[in-house]
1. Hey, what angle do you get for helix A:18-27 against the long axis of chain A, alpha-carbon based, 0 to 90 degrees rounded to 10?
2. Counting only DSSP beta bridges with both residues in the protein assembly as shown, tell me the antiparallel percent, nearest 5.
3. Quote the charge dipole size of region B:4-77 about the Cα centre in Debye, to the nearest 20; the model charges only the Cβ of Lys and Arg (+1) and of Asp and Glu (-1).
4. State which entries of B:272/B:464; A:195/B:126; A:188/A:262; B:77/B:152; B:249/B:500 exceed 32 angstrom in Cα-Cα distance in the structure shown.
5. Please give the helix A:160-169 orientation as an angle from the longest Cα principal axis of chain A, in degrees from 0 to 90, rounded to the nearest 10.
6. Place +1 on the Cβ of every Lys and Arg and -1 on the Cβ of every Asp and Glu in region A:114-256, take the dipole about the Cα centre, and give the residue among A:207, A:163, A:190 whose Cα lies farthest towards its positive end.
7. What ranking do B:372, A:251 get, fewest neighbouring Cβ atoms within 10 angstrom at the top?
8. Please list, in chain and number order, the residues 5+ apart from residue B:162 or on another chain whose amide H is under 5 Å from its amide H, with Hs placed from the backbone.
Amino acid sequence: MKKWNLVIDVAQCFNCNACAMACHDEYFGNEFPGYAAEMPRLGHRWIDIRQRETGRCPAVEVSYLPVTCNHCDDAPCVKAARDGAVVKRADGIVIIVPEKAKGQRRLVDACPYGAVWWNEEKQLPQAWPFDAHLLDRGWTRTRGSQVCPTRAMRTLHVEDEEMQRIVRDERLQVLHPEYGTRPRVYYKNLDRWSKVFVAGSVAGVLGGITECIEAARVVLEKDGRALAEARTDPYGDFKFGGLEERSGAYRVRIADERFAAKTVDVALGGSAYLGTIMLEPRPAPAGTST
Amino acid sequence: MRLGQTETYGTVEDLLKEAEMVVFWSADPECTSGSYSAFEGTARRQWLRDLGIEIVHIDPYYNHTAALLGGKWFAPKPGTDTAMALAIAYVWITEGLYDKRFVAERSVGFEPWRDYVLGREDGVPKTPEWQEPETGIPAKDVRALARQWGSKKTYLGAGGWGNGHGGACRSATGIQWARALACLLAMQGMGRPGVNYGHLQWGTPVDLHFYFPGYADGGMSGDLEGTGMPISLYQRMPQLPTFNPSTQKVPRLRIPEAILEGRTEGYPWNGKTIEGQFQKFSYPAPGHSPIRMFYKYGGASIGTMSETNRYVRAYRSENLEFVVNQSIWFEGEAKFADVLLPACTQFERWDISEFGGTGGYALHGQTQMNHRIVLMQHKCIEPLGESKSDWQIFLELSHRLGLGAYYSEGMTELDWVKRLFDASDLPKHIAWKDFLKKGYFVVPAPAEHARDPVALRWFYEGRKKDVPEPHPLPGDYGRQFLEGLQTQSGKFEFECSSLKRFDPRRSGAPADREVSAFLGRHADQGTLRTLPAAAHLAALALQLPHALRRQAERGERHCRAPGVRERLLLLGRPDQRAGRGRARHRGARPRQTLQRPRRGGLRRAPDRAAPARGGARLRVLRGL
Ligand code: SF4
Ligand code: SF4
């Protein structure tokens with residue numbers, strides 16, 4: 001049967017918070033028996049836009065990660081619940097049943113993603129219920145994907161096999177697969193959130209003036225092995241992305257026929273901007289000096 | 001009228017088809033697109049990446065647009081962008097990277113501009129090396145940018161709208177930035193395919209021949225003087241006209257001085273003509289009473305104006321005997337009132353409007369939309385508490401003044417909505433009852449062949465103006481109707497004739513005095529550096545109204561040391577700006593905003609508000 005999935009493209013999310021607002025609009029001041037009790041006015045972010053900055057001026061990347069209940073197929077919250085307070089529906093959606101979950105603070109601790117919020121006033125654990133009350137009435141998209149200006153958030157209603165094909169084709173990932181919870185919320189371009197880069201600006205003196213060096217050949221090496229190669233752009237800039245945080249020593253080799261080859265070593269913590277790398281003139285060939 | 005902003009017709013299509021590069025200069029449309037069009041432009045800007053159009057951002061902050069679209073980021077120190085622009089012009093002039101035909105045929109005053117940039121006039125060539133200590137941008141990078149820009153068809157997105165609204169022009173020295181950028185685009189031949197103003201925020205191919213009045217077209221006000229009504233709406237919806245008989249007017253920025261000091265003057269913005277910018281106002285106007293009462297209606301001044309402790313002092317002044325505040329919310333400024341008139345929200349009254357319809361102020365704001373949408377705003381509930389609709393409040397006041405019937409013309413709020421509906425082109429497409437029921441109408445897109453021509457193409461090609469806007473007004477053309485720009489020469493003016501007439505003395509012009517604050521730190525030392533000749537170097541047809549107004553209004557205040565310092569504080573001293581070079585995001589606002597309260601009483605002011613006005617009591621007018 002067809003089941004619900006959410007796909008979020010990290011490269012397209014720009015922190016507009018329209019999805020979070022729509023969620024707030026839907027659940028604050030409204031209750032949907034069997035689906036969700038009212039959300040408090042302040043304090044809960046059932047769709048939570050997290051933010052990461054990496055690099056330094058002028059090589060900076062900012063990425064945003066909307067985090068919500070993953071509607072896990074193997075959900076720890078379902079196991080931790082008493083009295084059937086958390087239901088896994090046949091269409092994949094996980095519902096914390098408001099009528100049954102009162103007082104079960106354990107659900108907040110059970111969720112490894114921090115997606116369950118504690119409602120102090122109602123003594124109720126709450127999470128985003130995938131707008132199931134709307135989907136059950138014929139909606140085809142969640143409110144978040146309806147309002148997302150860049151279509152970073154898509155609602156997919158497909159068979160599990162079809163979903164797995166989409167996961168392969170679009171190289172989707174889930175948050176913390178190592179938890180083994182099998183989330184139904186997938187992320188595209190998750191590298192933008194989790195990986196780091198090495199960047200730099202190449203310059204040299206031409207005709208007595210310091211210029212950006214375009215089209216210099218730059219090779220990134222690790223343990224003597226070339227990982228990637230790039231050409232500098234018109235500003236002399238290069239950038240190698242998709243690297244693991246704290247992945248140790250790298251070597252950057254820069255070659256341009258007008259200058260002597262240059263090597264820069266970097267130990268990668270977070271993203272590294274190597275600054276302006278000045279190329280030196282080639283040493284005069286042997287025999288030409290007098 | 002569009003004075004200060006450029007026409008934008010057809011630029012979305014032209015940019016996507018022709019341009020190879022877009023420069024976002026002080027432009028963050030994903031965060032501050034400007035006016036009433038939500039995220040409509042966001043979807044279009046995604047195509048820049050799809051098409052591989054090169055993107056450059058120039059902004060002290062790594063803003064949201066940069067974070068989303070990527071591209072090359074330049075982070076000049078705040079307020080120094082003009083130096084960077086001059087250095088770009090320097091590279092273009094010395095390397096021949098500009099549109100010489102356009103400059104020769106369509107502009108005047110290029111020689112003094114060129115001589116100024118090359119330093120022939122003041123001995124200071126505005127080289128990339130010259131700008132480096134000012135902006136913090138390496139000379140090599142500016143050279144590389146200038147070469148890219150000069151050799152690629154490039155759109156210049158200036159400010160949040162992309163056509164010169166907002167952004168760096170709203171700073172102490174913004175006028176110089178605005179003028180320098182206009183000169184840059186002229187050097188590249190503005191109106192050439194792929195070369196124009198914009199960053200896809202304005203200029204969609206919607207049907208602009210469908211009429212629906214804009215937000216400043218006067219509505220039901222009958223105001224033929226202060227709105228766009230005489231140009232567009234009155235003919236379709238005749239109504240009892242109203243006039244304000246007082247010729248005494250004080251621009252909002254100057255209200256505190258008028259109240260506290262009893263006199264003030266300056267140069268308010270004039271949206272109709274270029275020369276109108278030089279029209280001085282002074283208060284008190286001859287024979288008029290001083291201000292004794294203040295009726296506050298609309299957005300809070302304390303939230304939007306500069307040096308807002310001035311407003312706090314004015315509200316508390318004994319010179320001001322009576323304050324009324326008509327607001328939806330009990331915001332900070334409302335607390336300064338003697339009488340509060342609570343207005344209801346739009347959910348508690350009837351109205352009709354168009355998404356992005358800024359007509360009467362900025363024509364054809366609907367070109368920010370992917371589809372024009374006219375909305376029926378239903379009254380969902382009765383007004384809460386003691387609140388009333390603004391219309392009802394004014395009606396009740398009119399009754400007490402014996403003017404009720406003239407004000408309402410015997411109609412209800414819903415009648416007025418229907419009357420506006422009838423005045424628009426809606427009845428040609430949809431019946432009133434259907435519109436009421438449906439709640440909105442999407443204006444059909446024009447056929448491809450019927451789309452509007454591209455902005456400024458007519459000027460680039462030396463034809464008559466062919467875009468659908470009614471300005472300049474017919475009498476403002478220098479030669480033939482529809483020929484040339486609004487400037488006195490009808491051409492693009494690198495050296496601005498009207499500004500030169502206004503004040504030919506280099507040191508005297510308001511623009512010139514602003515220049516001393518141009519680079520914050522120099523102003524601190526009281527030295528005048530850079531750009532002296534820029535006082536009359538400009539492209540007036542493309543000047544930015546807010547920049548000009550602010551520049552003029554701040555001109556005289558500039559002489560006062562405290563004013564300068566306070567302004568520097570607002571801008572943030574470059575050397576103190578810990579946030580510089582770091583990302584700007586909604587979660588953490590840029591640093592200088594956070595610093596403001598520490599210095600002044602901005603945050604504390606509301607606490608002091610209530611007791612401050614002597615015996616004044618805050619009460620809600622009952623029984624209106
Ligand atoms: S994300 Fe947390 S709350 Fe949601 S299903 Fe998984 S474990 Fe349960
Ligand atoms: S609406 Fe879309 S772009 Fe905006 S925060 Fe949510 S996911 Fe991101």
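Quick note: the coordinates plus some simple rules give every number you see, no bench work behind them. Everything numeric in this text was worked out from a predicted model, so none of it was measured. With ideal geometry, Cβ positions are generated from the backbone for all residues, glycine too; neighbour counts draw on all protein chains shown.
1. Between helix and principal axis, roughly 10 degrees.
2. In the protein assembly as shown, DSSP labels about 60 percent of beta bridges as antiparallel.
3. 260 debye
4. A:195/B:126; A:188/A:262, as the Cα separations exceed 32 Å there.
5. The helix A:160-169 is inclined about 10 degrees to chain A.
6. Positive-end residue among those listed: A:163.
7. So the residues, fewest neighbours to most, are A:251, B:372.
8. It is none; the list stays empty.
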